[in-house]
Amino acid sequence: MQNDHLCACSFGGSVVSLKQRMRHSGREAVPQKLVWNIKEVLFVKHFISRRNFLKAAGVTAAASAMAAAVPQASAGFLTGKDAAVTILYTNDVHTYIDNKSPKLTYAAIAAMKQGYVDEGKPVLLVDAGDHIQGTAYGSMDDGATIIELMNEAGYDIATLGNHEFDYGMARAKAIIKEADFPYVSCNWVDLRTGLRVLPAVKLFPVGGKWIAFVGITTPESFTKSTPAYFMNAKQTKYIYDILGGDDGRKLYDAVQKAIDKAKALGADIIIGLGHLGVDPSSSPWTSEEVIANTTGFDAFIDGHSHSTFSETIKDKSGKEVVFEQTGTKLANVGKIIIKADGTITHENVDLNTVEPDAEAAAYIQTITDKFDALQKQVVAKTSVELTINGADGKRAVRNAETNLGDLCADAYRILLGADIAFVNGGGVRDNIKVGDITYGDIIKVHPFGNEACLVEVTGQQIKDALELGSAAYPGESGGFLQVSGLTYTINADIPSSVVKNDKSEFVKVDGAYRVSDIMVGGQPLDVSKTYTLASHNYMLKDAGDGYTMFGTKNVKLLKDGVMIDNQVLINYIVNNLGGVVGEQYAAPQGRITIKTAASDVPTNESDKVIAGRDTTVTEGDTYTVVAGDCLWNIAYKLYGTGTLYTKLAEANKLADPYIIYIGQILTVPAK
């Protein structure tokens, strides 16, 4: 087994400036003028290397100043004297380093920690994962700049979130080496050796106590990152595992062994540092379930579900465990205080109450200023708000159709000339406001840099994919499918019968299907027919989000690596919509219908307008399109069946029956 560590001085020794590091590695940072060629640069995933980025940012002086402002990690808080110990913690920061966050993020954190150090108080700064992915600041150099910032802010330990794997296994391991702080995970295993990849436990002698952290990574990393990254080069077998188990036992056992190891090493306080979350869809691998099935934790710092709470819950023995999560994007920083007598207090701290460290803020500003010049390039416009939210303002893209989901799916289908397109809801990340659309806006929608692909699949594979995507409804799922080229119904009263393996991947449907009324191009889906399907490599080649009915062995690859996801969206808006997203995307277009026992007709805004309409239609009637309409729903109300939407399309000479406009007057032919 890989050694677990007693860390007396494992914080990286003296703080070295970025300039010194670059000199040592032969990479002197020489500021230079960069001329952005947007046509060449805009759509390249790695549009600027880390080396050139640091040169462009001119960071050397600011970075040196920041390094001087953050003292040696071992100074002031590694002490044998009994004293209260403060643990500051973050989770799910998702690369939000710019001034759109409550404060200048890592600058405020650096200031918080510095304040304790200046007063000679013991302090540790920790992170519960998902820190290198989320915005263009992460994707521009695969998280390298974020790790630099975390190093300079003085982080002492972290665990891996699922998004730490988003840039590939080799990059995940490189990030661990680039960090001045250690990573821990008790359940990430190399199947070739049977050994853990990382230490399970780290102990720190702080304030006269030994404080242990047990790292835990979500088994959902297989499906919420990219499954292929955990496989061999030929993608024939898994060579890494993140222990979970169908019933959670593998996870619980790994955690309990790590707790027991910490006790054996003499830990006085044991803290779980987990990226597990509390979403029901993550069961049986939630942090609550881990705590309920183990004994020995004094506190548990969590991440993954973007929740905000500061409470206590009972472990297997009935002992109260401090249980914490800070939300996301640095809305809060968590604080645990372990008093000299061992009692624990806890709270979340709003960063608005913290004055940022000036030198750290200056360093971050050099990054954002240079990069914002590229992000602010206007690439298109929109006359309607494009959103991932529902009418209530809450996120809906992971369990319902949204207008931005429609737009993204249309972009894949039309640009690749497919019958059907799928976009996973978890891959549509942010809203776009009315007005100019910048490159930065597009990156926020599609930050992963996935590549567009076109495959040939059967109708049965399409049906199974829709069933998997709807399995968690009404709960959220990152694999919920936004669609183009088809319409379908989710029968919410039918329980999901999707069977998954211990990696949360699709195995089969063992019962009734929830999805029905699947129409492709106006015709019922034929499970034995083949269709062309457009999406990205994450889903179609790598079986991401558990879509094992796809993957390179199960599809016929027609086009590969066509362009990255943000380019797909920009090109569609510019080339197919004339550079402006108009009223046709003002509302969801009725592609996904939800049925319950109380409703056996589509429920959307158009129903409220046309409910009760006389279905006797005479030649020459017209109909005015309202928000939420689609031809299928209009035909259902006018003719009593959605299948006659083709009559409307033909009568109105619609080039694409999936695109109609609010206020558009349709000629209604007789039934």
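The values are calculated or read from the model by the stated rules, or taken from the named source; none is laboratory data. What you see is a predicted model; the values in this text were computed from it and never measured. For neighbour counting, all protein chains shown are included, and Cβ atoms are generated from backbone atoms with ideal geometry for every residue, glycine included. Ligands, DNA and RNA are excluded from the accessible area calculation, which covers all protein heavy atoms including side chains. Shrake-Rupley method; radii C 1.70, N 1.55, O 1.52, S 1.80 Å.
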> Out of region 497-591, which trypsin sites (Lys or Arg not before Pro) are coil in DSSP terms and have no more than 15 other C-beta atoms within 10 Å?
Replying inline: K529, K553
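Give me the net charge for the shell around H346: Cβ to Cβ below 14 angstrom, other residues only, Lys and Arg +1, Asp and Glu -1. Show your work: numbers first, answer last.
Details: positive: K335, K339; negative: D298, D302, E311, E320, E324, E347.
The answer is -4.
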>> Please compute the modelled spin-label separation between K381 and M563, points set 7 Å along Cα→Cβ, answer in nm with one decimal.
In response: 2.1
>> Within region 400-487, what whole-number % of the accessible surface is contributed by carbon and sulfur, with the 1.4 Å probe and all protein chains included in the calculation?
In response: 44
>> At 0.36 nm per residue, and after removing the present C-alpha to C-alpha distance, how many nm does the segment from D493 to T236 gain when stretched out fully?
In response: 88.7 nm
> In this model, which of K316/K339; K177/K224; K444/K541; K376/K553; K261/K508; K224/K257 are farther than 29 Å apart at the alpha-carbon?
Replying inline: K376/K553; K261/K508
> Roughly what % antiparallel, to the nearest 5, for the DSSP beta bridges in region 126-281?
Replying inline: 50
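Please give me the summed charge of the neighbours of V580: other residues whose Cβ is under 11 Å from its Cβ, Lys and Arg +1, Asp and Glu -1.
Numbers: positive: K381; negative: D436, E583.
That works out to -1.
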> What does the charge add up to near Y183, with Lys and Arg as +1, Asp and Glu as -1, over the other residues with Cβ less than 12 Å from its Cβ?
Replying inline: -1
>> Treating only the Cβ of Lys, Arg, Asp and Glu as charged (+1, +1, -1, -1), what charge dipole size does region 426-502 show about its Cα centre? Round to the nearest 20 debye.
In response: 100
>> Given the options G546, V562, V574, identify the residue whose Cα lies farthest towards the positive end of the charge dipole of region 531-595 (+1 on Cβ of Lys, Arg; -1 on Cβ of Asp, Glu).
In response: G546
> What is region 135-183 by shape, rounded, prolate or oblate, if you read a ≥ b ≥ c off the alpha carbon gyration tensor as root eigenvalues and call it rounded for a/c under 1.5, prolate for a/b larger than b/c, and oblate otherwise?
Replying inline: oblate
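Can you tell me the dipole magnitude for region 476-585 around its Cα centre, using point charges on the Cβ only (Lys, Arg +1; Asp, Glu -1), in Debye to the nearest 20? Could you put the intermediate results ahead of the total?
On the way: 9 positive and 12 negative charges, 83 e Å.
With Lys and Arg at +1 and Asp and Glu at -1, about 400 debye.
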> What residues have an amide H closer than 5 Å to that of T438, excluding those fewer than 5 places away on the same chain, when H is modeled at 1.01 Å from N in the peptide plane?
Replying inline: V379
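Run the dipole for region 224-286 about the Cα centre, Lys and Arg Cβ at +1, Asp and Glu Cβ at -1, nothing else charged, and hand back the magnitude in debye, nearest 20.
Working: 8 positive and 7 negative charges, 56 e Å.
Value, rounded to 20: 260 debye.
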